[in-house]
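Contents: one structure, followed by commentary.
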Amino acid sequence: MGTLDAAVERRLAGLDLPLAVALPGGRRFGPARAAVTLRLERLSSLVHLATGQVGRVGEDYVEGRLDIDGALRDIVAIAAQMIGEDPTQVDARAAPLVWWRELMRGLRSRRRHLPQADAQQVQFHYDVSDDFYALWLDPRRVYSCAYYRDAGMALAQAQEAKLDHICRKLMLREGDRFLDIGAGWGGLLLWAAEHYGVRAHGITLSRHQHAHVNGLIEARGLRGRVSMRLLDYRDLPEDEPFDKIASVGMFEHVGLARLPQYFAKIQRLLRPGGLLMNHGITAGGTRNDRLGAGLGDFIDRYIFPGGELLHVSQVLRSMSEQGLEPLDVENLRPHYARTLWAWSDALEAQLDTARSIAGERVVRAFRLYLAGSAMCFEQGWIALFQMLASRPGGDPAGGPLRGAQSDYPFNRAYMYEPHP
């Protein structure tokens with residue numbers, strides 16, 4: 001145990017915040033008064049701590065092999081220091097085998113994103129419990145990055161600002177045929193219909209979300225103007241094109257191998273000259289499909305099975321190769337950090353209720369996921385991009401400016417004009 005003890009002591013000594021580790025039998029590392037204390041039930045957790053495998057330490061916590069005393073913000077600050085190396089970097093020693101790693105990554109991605117697997121993976125995450133999500137999301141249950149247009153905004157205001165930001169970028173107009181792929185609990189779908197007068201159509205693979213949104217459609221008298229279907233994007237009919245399409249928090253679930261198929265489908269669904277808003281989480285590094293130090297493995301096991309991180313450059317390339325022209329790219333990374341902290345604080349304020357709804361294991365996983373993700377966005381290890389694109393119409397005379405070939409005016413001023 002001497003070598004292991006020495007490794008743990010070195011880890012603790014290099015931290016800005018004091019961390020203590022209590023072992024079975026009463027042995028202890030670190031100061032008597034520490035900001036955070038890890039109470040280990042098994043000595044195997046000590047190995048994960050000594051080697052900086054923060055994801056495995058998180059797994060031990062979820063599975064009840066250790067407990068954590070301390071504020072979540074202190075816990076993730078210590079975790080960031082324990083990781084040490086940039087978790088977005090691919091091991092340089094693997095450079096000679098990059099081609100093999102990329103081949104295996106593609107094969108794994110293709111296998112994990114068949115229709116039945118995608119449905120199971122989406123339902124694993126989103127069908128935990130509507131009541132659980134309602135505890136810590138805003139009243140509209142918008143489960144994606146908010147837009148803090150003004151610094152003093154509360155979460156609910158910032159989510160409405162995000163919904164409007166997307167609608168403005170898409171230049172939604174009354175009568176537009178609008179598609180929301182992966183429509184969640186219907187926040188954008190209903191906002192677009194009620195504030196912009198579009199004919200809104202949404203799809204999801206979550207049974208809970210499908211039932212919830214259809215209930216809202218009936219309650220608000222929107223039947224005939226808004227629809228929500230339980231449907232895979234691959235099965236969407238292509239007989240009547242859409243004027244505008246939104247994909248919010250969706251392409252992360254599609255996978256690297258299926259991304260060309262996904263954007264090719266969107267291109268066929270979009271009328272010539274129409275606009276696409278592709279909004280989602282991207283990798284901070286250019287070659288990593290998940291975070292190191294066990295963080296990616298933790299997310300895959302407990303939160304988003306099958307999720308893949310792609311750098312924004314890879315996403316834009318795939319869009320372009322499928323006939324979609326990128327028009328405007330906006331990085332909202334710090335906005336997502338603040339969004340996640342708002343969710344984390346709301347969950348922390350209602351832990352007993354959350355446990356009664358979803359159980360201890362789920363709550364433990366989400367506590368670490370929300371706070372840990374906030375830290376990762378702050379560090380720049382992951383990012384959030386809004387990518388506006390069009391399907392060019394092919395006619396140089398089409399559009400508001402010669403050569404535009406789309407509805408886009410090639411001028412950002414319209415995004416900030418007062419809503420008509």
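The values are calculated or read from the model by the stated rules, or taken from the named source; none is laboratory data. Quick caveat: nothing in here was measured; it's all calculated off a predicted structure. Note: ideal-geometry Cβ built from the backbone for every residue, glycine included; neighbour counts use all protein chains shown. Side chains are part of the model used for accessible areas, which takes the heavy atoms of the whole protein and leaves out ligands, DNA and RNA. Shrake-Rupley method; radii C 1.70, N 1.55, O 1.52, S 1.80 Å.
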Under the condition of being hydrophobic (A, V, I, L, M, F, W, C) and at pLDDT 95 or above, which residue from the stretch 378-396 is surrounded by the most Cβ atoms within 10 Å (Cβ to Cβ)? 389
Could you give every pair whose Cβ atoms fall below 9 Å, whose first residue belongs to the stretch 304-331 and is free of Cβ contacts under 8 Å to residues at least 40 places away in the same chain and open to solvent by less than 50 Å² (accessible area, probe 1.4 Å), and whose second residue is part of a strand (DSSP E or B) and not charged (D, E, K, R), counting only separations of at least 6 or pairs across chains? 311/282; 311/283; 311/383
Among (1) in a helix (DSSP H, G or I); (2) in contact with a helix residue (DSSP H, G or I) (Cβ under 9 Å, 6 or more places away or on another chain); (3) open to solvent by less than 10 Å² (accessible area, probe 1.4 Å), the one test that residue 168 misses: (3)
Flag for residue 246 being part of a helix (DSSP H, G or I), within 21 Å of residue 141 (Cα to Cα) and within 16 Å of the chain's Cα centre (by Cα): no
Checking 222, 236, 259, 231 in turn, the sole residue that is open to solvent by less than 30 Å² (accessible area, probe 1.4 Å) and within 19 Å of the chain's Cα centre (by Cα) turns out to be 259
Of the conditions (1) under 22 Å from residue 168 (Cα atoms); (2) in contact with a Ser or Thr (Cβ under 8 Å, 6 or more places away or on another chain); (3) outside any loop (DSSP other than H, G, I, E, B), residue 399 clears all except one; give me its number. (3)
Provide a single number: the residues in the stretch 331-367 that are small (Gly, Ala, Ser) and in contact with an Asp or Glu (Cβ under 7 Å, 6 or more places away or on another chain). 1
Checking residue 148 against (1) in contact with a strand residue (DSSP E or B) (Cβ under 6 Å, 6 or more places away or on another chain); (2) in a loop (DSSP other than H, G, I, E, B), which test does it fail? (1)
Answer yes or no: is there a residue in the stretch 205-212 that is open to solvent by less than 10 Å² (accessible area, probe 1.4 Å), in a helix (DSSP H, G or I) and not hydroxyl-bearing (Ser, Thr, Tyr). yes
Counting only residues that are farther than 15 Å from residue 82 by Cα and either open to solvent by 50 Å² or more (accessible area, probe 1.4 Å) or in contact (Cβ under 8 Å) with a residue 24 or more places away in the chain (or both), how many does the stretch 1-33 have? 14
Against the condition touching a Leu at 6+ places or on another chain (Cβ under 8 Å), buried (at least 21 other Cβ atoms within 10 Å of the Cβ), in contact (Cβ under 8 Å) with a residue 24 or more places away in the chain and closer than 30 Å to residue 400 by Cα, how does residue 277 come out, does it pass? yes
Only one of these is assigned to a helix (DSSP H, G or I) and in contact with a Leu (Cβ under 8 Å, 6 or more places away or on another chain): 371, 365. Name it. 371
Of the conditions (1) on the phi > 0 side of the Ramachandran plot; (2) touching a helix residue (DSSP H, G or I) at 6+ places or on another chain (Cβ under 7 Å); (3) open to solvent by 10 Å² or more (accessible area, probe 1.4 Å), residue 52 clears all except one; give me its number. (3)
I need the full set of residues from the stretch 374-389 which are touching a residue at least 60 places away in the same chain (Cβ under 8 Å) and either over 30 Å from residue 338 (Cα atoms) or part of a helix (DSSP H, G or I) (or both), in order please. 374, 375, 376, 379
So residue 268 fits all but one of (1) open to solvent by 30 Å² or more (accessible area, probe 1.4 Å); (2) out of contact with any Asp or Glu (no Cβ under 8 Å at 6 or more places or on another chain); (3) charged (D, E, K, R); (4) closer than 30 Å to residue 395 by Cβ; what number is the exception? (2)
If you check every pair at least six apart or on different chains, which have Cβ atoms under 6 Å apart with a residue in the stretch 402-420 that is closer than 17 Å to residue 196 by Cα and open to solvent by 30 Å² or more (accessible area, probe 1.4 Å) first and a residue that is of a type in the set (A, V, I, L, M, F, W, C) and modelled with pLDDT of 95 or more second? 407/171; 407/275
Say we look at the stretch 306-342 and pick out the residues that are under 13 Å from the mean Cα position of the chain (by Cα) and part of a helix (DSSP H, G or I); which of these is farthest from residue 135 (Cα to Cα)? 333
Any residue at all in the stretch 262-270 that's of a type in the set (S, T, N, Q) and assigned to a loop (DSSP other than H, G, I, E, B)? no
